[in-house]
1. Anything in segment 43-94 that is under 26 Å from Lys272 (Cα atoms) and in contact with a helix residue (DSSP H, G or I) (Cβ under 6 Å, 6 or more places away or on another chain)? List them, or say none.
2. Looking at (1) closer than 24 Å to Asp56 by Cβ; (2) within 19 Å of the chain's Cα centre (by Cα), which is the only condition Gln271 fails?
3. Among the residues of segment 38-46, is any within 23 Å of Ile201 (Cβ to Cβ) and not β-branched (Val, Ile, Thr)?
4. Which of the residues that make up segment 250-266 are outside any helix (DSSP H, G or I) and not aliphatic (A, V, I, L, M)?
5. Sort through Thr202, Thr245, Thr167, Thr226 and tell me the only one that's in contact with an Asp or Glu (Cβ under 7 Å, 6 or more places away or on another chain) and either open to solvent by less than 80 Å² (accessible area, probe 1.4 Å) or over 25 Å from Glu80 (Cβ atoms) (or both).
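The values are calculated or read from the model by the stated rules, or taken from the named source; none is laboratory data. All values derive from a computational prediction rather than experimental measurement. Neighbour counts are summed over all protein chains in view; Cβ atoms, including those assigned to glycine, are modelled from backbone coordinates with ideal geometry. Please note that ligands, DNA and RNA were not included when accessible areas were found on the heavy atoms of the full protein model with its side chains. Shrake-Rupley method; radii C 1.70, N 1.55, O 1.52, S 1.80 Å.
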Amino acid sequence: MITLATSVFGIVLCKGEIIKTSVHGPTGKISYKDEGFGGMPVVFIHSFGGNVSHWDEIKEALVPNRRVVRIELRGHGDSEFPKDGDYRISSMAQDLATVVNLLGLQRFVLVGHSMGGSVALQYAGENPSRVAGLVLVDSNGDPKKLPEAVRNQIKNALYSDTYVQTTEAYWEQLLANSKPEIKERLMRELTRTPKDTVIKITSELLDYDPNHSLKRYVGPKLAIVTPENDDQFALHRLHLGFPHTVVVNAGHWLQLDQPKEFQNILETFLQKF
């Protein structure tokens, strides 16, 4: 049974089960979906420019046997933009903490895609005893391995007159191996993301150091990546390293391009819990 707190609003009920709620987060409303019962709960965090719908097909496969929570971070989906413009990875991890604390999830498996993987890793590093398992989906490696001059060049391009060309070229690169319908959908979503949000989140990701959290969280981990994200600087090769699986014939949003394969990999991992 799910207990409601006074800070929750915007509830939608379906056969007595809460499937759509929102909560007052550190800087505004945080939206999430809470579905299913039983088993070790699984919490999903989307990518930059993403929303809970990116997990729809995966969620449908899990909810008959598990509780599934999908969270929309600040400035994404139905969640409010932060009033203070704060998009630090550590701050977005507080959005995650707000929801799981409200729901009373003492222990759960955490799945994060791309930027959401950085947020998930940050939370796991801060709360290692609460994360039963961590799945990082095509998430950023260590950006500090890039020369500072290169990172600054990217940041400067976002502030320049070439902003549109720079961002669209990057998204095209991420979506190069995606199915046409997936690419079309995601380009619509990404190009709607406000410029200020793009600049701030990109800058934060370019400066985020995952190594501290990788050292702090020693529980079961799995990286699910595309071939393009299987290089020497990938998360699964940092610190002590951890298992990874490569999904081919997919773009960066591999759970949308290859949902059945992704589902099988994830469910195999979840059998441990």
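1. Phe44, Ile45, His46, Ser47, Glu57, Ile58, Ala61, Val68, Arg70, Ile71, Ala93
2. The failed condition is (2).
3. yes
4. Gly251, His252, Trp253, Gln258
5. Thr226
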